[in-house]
Amino acid sequence: MKSRNADFIALDVGSSKISAIAAQIENMGDAKIISQVIQSAEGITASTVTDWKKAETSNISTIFALEKD
């Protein structure tokens, strides 16, 4: 997302992966995806956080990867 500002981001956190998108809202109300990333998730098992530190690290690294894209 170099030098682009997103109007919103969305995270989908699952037991095996975290998906993230960043989008801008255009004039007609359409969303234009400007960045997307999928990373592996750690610290989450069967929809339950089992290791808070690993889950936090997974979420933060996903957001950083989204910013770099």
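The values are calculated or read from the model by the stated rules, or taken from the named source; none is laboratory data. Note that the structure is predicted; figures quoted are calculated from it, not measured. Glycine gets a Cβ as well: all are built from the backbone with ideal geometry, and neighbour counts include every protein chain shown. Note: accessible area is taken over every heavy atom of the protein model, side chains too, but ligands, DNA and RNA are not part of it. Shrake-Rupley method; radii C 1.70, N 1.55, O 1.52, S 1.80 Å.
Compute, for the chain, the length of the dipole vector about the Cα centre, with Cβ point charges of +1 (Lys, Arg) and -1 (Asp, Glu) only. Units Debye, rounded to 20.
180 debye
Against the longest alpha carbon principal axis of the chain, how many degrees, from 0 to 90 and to the nearest 10, is the axis of helix 52-68 turned?
20 degrees
Which whole-number value in Å² is the accessible area per residue of the chain, probe 1.4 Å?
Per residue, the chain has an accessible area of 70 Å².
Pulled fully out, how much extra length does the chain show between Asn27 and Thr50, if you take 0.36 nm times their separation in residues and subtract their Cα-Cα distance?
4.0 nm
Measuring from centroid to centroid over Cα atoms, what is the spacing of the stretch 45-65 and the stretch 1-43 in Å?
Using only Cα atoms, the two centres lie 16 Å from each other.
Given the rule -39500 (n - 2.57) for each run of at least 4 DSSP H residues, summed and divided by the residues of the chain, what is its mean residue ellipticity at 222 nm, to the nearest 500 deg cm²/dmol?
-8500 deg cm²/dmol
Ala10 versus Ser61, label points 7 Å from Cα toward the beta carbon: distance in nm?
That separation, rounded to one decimal, is 2.5 nm.
Roughly how many percent of the accessible protein surface of the chain is carbon and sulfur, given a 1.4 Å probe and a whole-percent answer?
52 percent
Once Lys and Arg get +1 and Asp and Glu get -1 on their Cβ, which of Ser61, Ala46, Ser15 lies farthest toward the positive end of the dipole of the chain?
Ser61
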